[in-house]
Structure formats: C-alpha cells, structure tokens
1. Just to be sure before I move on: is LEU125 touching a Leu at 6+ places or on another chain (Cβ under 8 Å), crowded, with 23+ Cβ neighbours inside 10 Å and either modelled with pLDDT of 95 or more or under 16 Å from ASN75 (Cβ atoms) (or both) in the structure I sent?
2. Out of (1) surrounded by fewer than 24 Cβ atoms within 10 Å (Cβ to Cβ); (2) touching a residue at least 40 places away in the same chain (Cβ under 8 Å), the odd one out for HIS69 is which?
3. Sort through ALA114, ALA102, ALA133, ALA118 and tell me the only one that's aliphatic (A, V, I, L, M) and more than 20 Å from the chain's Cα centre (by Cα).
4. Counting only residues that are of a type outside the set (D, E, K, R) and within 16 Å of the chain's Cα centre (by Cα), how many does region 220-262 have?
5. Which of (1) crowded, with 18+ Cβ neighbours inside 10 Å; (2) farther than 21 Å from PRO6 by Cα is the odd one out, the single condition VAL29 does not satisfy?
6. Just need a number here: residues in region 89-113 that are farther than 29 Å from LEU263 by Cα and buried (at least 16 other Cβ atoms within 10 Å of the Cβ).
7. Tell me, please, whether a residue that is at pLDDT below 95, buried (at least 16 other Cβ atoms within 10 Å of the Cβ) and of a type in the set (A, V, I, L, M, F, W, C) can be found in region 47-54.
Amino acid sequence: MRIFDPHIHMTSRTTDDYEAMYAAGVRAVVEPSFWLGQPRTSPASFFDYFDSLLGWEPFRAAQYGITHHCTLALNPKEANDPRCTPVLDELPRYLIKDSVVAVGEIGYDGMTPAEDHALAAQLQLAADHGLPALVHTPHRDKLAGLHRTLDVVRESHLPPERVLLDHLNETTVKAARDSGCWLGFSLYPDTKMDEDRMVALVKEHGPERILINSAADWGRSDPLKTRRAADALLAAGFSADDVDRIVWRNPVAFYGLSGRLDLAAPATPPSLHEGNSILRGGE
C-alpha cells in the first residue's frame, strides 16, 4: 500500500516515526507550517522555521525514503499577535521555493478581525503565486467557522477547487462538500476524527475529494493514523482502488495543482560521518 500523508508536522516527530511510517507504506508527506506550542516573539523565528521546512526536514525524511514537501503561512493563532504579522510581508520570498506546494495552514482559530485579514491576505498570496491553499477550520464553533471561512473564500480570487478545508467532521462535511472545496480529515487518538467515524463518512459521501491525514504534532497523536484508516476502510469493504484514491491519488491531485509536486524517490543521502544520523557541516 502506498500512502501520502497530506498534513503531518514532522518537526515534532522523531526519526523512529519516519522509520515506522515508511514500514507502514508512507512514501510522501506534506508538512504545513503551524504554531509550535508557545508564542513566537518575532518574525525572525518564523523565517528560521520556514528554512528548516525547506532544507533540514526534507533531508531528514529522505534518509528514510520519504519525499517531503511543505506549505508555508502565518498560522491563524499567531495572526492575532502584532509581533508576528510582518511575516505576511515576507511570505512571497518563501512561496516561490520549489518544495512549497500550498499556502497554509491559514484560516481561523478564534474568528477574530485579525484572522479575517490574515486569511484574506494569504488567499490572495496563493492566487498570486499559482498555489492552492490549505485552510484550518477552527476547533471551536466548527460550523460557524466553516461558513465564515467559505464566505472569505468566495470573496477571494482563489477558486474553491484550489482550497483544501481541513479538520472537518460530521457537522461540517456537507457544507464543505457543497462548496466545491477539497475535504480534509485529521485523525487523532483522542480528539478530532477517528478511523470508525472516517469509515462512516466515506460510506455516506464517497471517496471523491477526500484526504485523510494524521496531523501528528507535539501533542498526543499518531503518525500511523493514515495507515490505520486505510486498513479500516479495507476491513469495511471498500476496494483497494477506493483506498488508494483517498490515501494517495487525492493528495497527489490536490497538491499537484501547485505544479511543484515531485514524487520521485528521494536520493539516498551521502555516507554519514561515523554512523551519525546527520551529515557533518562543512568547514
């Protein structure tokens, strides 16, 4: 089975996770930029983080046979902090990078005016750079947040078929599907969706435009959730073709809209220094 995890925060994970993911069939990931767990205090900390998503993390993934792309943005939570908003002015120089396949995560956290501004501005950046957008729907007031998100999307220059609405659930899936956007579902051990609920949703709505992700981060999460969901779908009677569409072809189709998705097997890194898991820096 081949698996493409379209939303996973590998910066928060260990090399053991990469090894286990490869063994489970994961061959490609997209890592969206996100909130790191405590407030950043300056735009420079974003830029160091963006650089790591463009350089260090793809190298780390390649050591385990996994292709790594990223999405970059000012995340919704930190869009409320005036110390961070200058990131919006600097994003264009990062959005031209080859491995950036979308603008994201953007969207809502608390549905504030500052988040309205950041969402609209970054949808415009996506349109300007020919990129799709990965949109975070809020964890609180989900349906109201989804409708507010869709209002901003409709007012933007980015067509809905270039927008992935993530963190959906049973309360938001119908409105999201009716909008023409792509549908993202994050599976967690305790919160958000799980495998059984995902199977029920696919039975009701079909596999078209659906993407399943682990969104694994620094909280209690599981980077093998995509594989567990695929196994649950097979056990529920879905065909191997349906499962391949959900866990591979759909994310390839969405992020392929960027024109930058490269799924060739990553080159084997050069020999390591005395068996270390990282290369030594040059003098």
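1. For LEU125, the condition - touching a Leu at 6+ places or on another chain (Cβ under 8 Å), crowded, with 23+ Cβ neighbours inside 10 Å and either modelled with pLDDT of 95 or more or under 16 Å from ASN75 (Cβ atoms) (or both) - is not met.
2. Against the list (1) surrounded by fewer than 24 Cβ atoms within 10 Å (Cβ to Cβ); (2) touching a residue at least 40 places away in the same chain (Cβ under 8 Å), HIS69 comes up short only on (1).
3. ALA114
4. As a first pass, look at region 220-262 and keep what is of a type outside the set (D, E, K, R): 221, 223-224, 226, 229-230, 232-240, 243, 246-248, 250-259, 261.
Cutting the leftovers down to within 16 Å of the chain's Cα centre (by Cα) gives us 221, 223-224, 226, 246-248, 250-258, 261.
Here the count works out to 17.
5. VAL29 satisfies all of (1) crowded, with 18+ Cβ neighbours inside 10 Å; (2) farther than 21 Å from PRO6 by Cα except (2).
6. The initial filter retains those residues of region 89-113 that are farther than 29 Å from LEU263 by Cα, namely 89, 108-113.
Checking which are buried (at least 16 other Cβ atoms within 10 Å of the Cβ) leaves us with 108-109, 111.
Number of matching residues: 3.
7. No, every residue in region 47-54 fails to be at pLDDT below 95, buried (at least 16 other Cβ atoms within 10 Å of the Cβ) and of a type in the set (A, V, I, L, M, F, W, C).
A quick yes/no check of all residues on (1) farther than 17 Å from ASP222 by Cβ; (2) crowded, with 23+ Cβ neighbours inside 10 Å; (3) out of contact with any helix residue (DSSP H, G or I) (no Cβ under 7 Å at 6 or more places or on another chain):
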site: PRO160; (1), (2), (3): yes, no, no
site: VAL163; (1), (2), (3): yes, yes, no
site: ASN169; (1), (2), (3): yes, no, no
site: TRP182; (1), (2), (3): yes, yes, no
site: GLU195; (1), (2), (3): no, no, no
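The values are calculated or read from the model by the stated rules, or taken from the named source; none is laboratory data. Everything numeric here is computed off the predicted structure, so don't read it as measured data. Cβ sites come from the backbone with ideal geometry, for glycine too, and all protein chains shown count toward neighbours.
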